[in-house]
Amino acid sequence: MHVTLRVTSMGNALLHEMTGLPGRPDDPITMFYLDGDRLMLTHYCDAGNRPRMTGKTSPDGKIVEFEFLDVAGSTQYGHMHHAVFTAIDVNHHSEEWTFMEGDKPVHAHFDLRRAS
């Protein structure tokens, strides 16, 4: 898994782009931004929808947990429902994503390190 993070829109958003195995057509994009005083996430999902989540930061600032708010588009093929980002150090973070297939949660964990 390869994740690219970059600040965009004059510093108003953080783009998260995830690419998987070669030959796979999926390339989900997630945008992080502030909406007033709320930290928001919009995930442009391979399932064809756009769930939004609200984020809360841990007291030490190392963990950001996102809870489902709503979704635009069909949930026929499921939707992202929860995400947790943990900063380990300046070159290393982990991500936990929960995808809902109907009422069944599917969990994915990524342990990511800076490539260069």
| request: Specify, per residue and in Å³, the volume enclosed by the convex hull of the alpha carbon atoms belonging to the stretch 51-116. | output: 99
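Sorted by accessible area with a 1.4 angstrom probe, largest first, how do Val71, Val7, Val84, Val90 fall? Walk me through the intermediate numbers first.
Details: Val71 50, Val7 100, Val84 20, Val90 125 Å².
Ranking Val71, Val7, Val84, Val90 by accessible area, largest first, yields Val90, Val7, Val71, Val84.
When Lys and Arg each count +1 and Asp and Glu each count -1, what net charge do the other residues less than 15 Å away from Met53, Cβ to Cβ, add up to?
Values: positive: Arg38, Arg50, Arg52, Lys56; negative: Asp35, Glu65, Glu67, Asp70, Glu95, Glu96.
Here the count lands on -2.
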| request: Starting from the Cα of Ala115, step 7 Å along the direction of its Cβ; do the same at Glu96; then give the gap between the two resulting points in nm. | output: 2.7
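Could you work out what % of the accessible surface of the stretch 1-48 is carbon and sulfur, using a 1.4 angstrom probe and leaving DNA, RNA and ligands out of the count?
On the way: 1730 of 3090 Å².
Of the solvent-accessible surface of the stretch 1-48, carbon and sulfur hold 56 percent.
Using a 1.4 Å probe over the heavy atoms of the protein chains, calculate the carbon and sulfur portion of the accessible area of the stretch 62-110 as a whole percent. Display every interim value, and only then the final one.
Working: 1690 of 2920 Å².
Of all accessible area on the stretch 62-110, carbon and sulfur atoms account for 58 percent.
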| Ignoring ligands, DNA and RNA, what accessible area per residue does the chain give at 1.4 Å, in Å²? | 64
| query | If you project the alpha carbons of the stretch 1-79 onto the principal axes, what extent comes out on each, in Å, largest first? | reply | 39, 26, 25
| said: Not counting ligands, DNA or RNA, and with a 1.4 Å probe, what is His82's accessible surface area in Å² rounded to the nearest 10? | reply: 40
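Top to bottom by accessible area (1.4 Å), largest first, where do His81, His109, His92 land?
Numbers: His81 65, His109 110, His92 20 Å².
Reading off the accessible areas and sorting them downward yields His109, His81, His92.
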| By accessible area of protein heavy atoms, probe 1.4 Å, what ranking do Lys104, Lys56 get, highest first? | Lys56, Lys104
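The values are calculated or read from the model by the stated rules, or taken from the named source; none is laboratory data. In this text, all values refer to a predicted model and were calculated from it rather than measured experimentally. Counting neighbours? That spans all protein chains shown, and the Cβs are built from the backbone with ideal geometry, glycine included. Quick note on the areas: whole protein, heavy atoms, side chains included, nothing else; ligands and nucleic acids left out. Shrake-Rupley method; radii C 1.70, N 1.55, O 1.52, S 1.80 Å.
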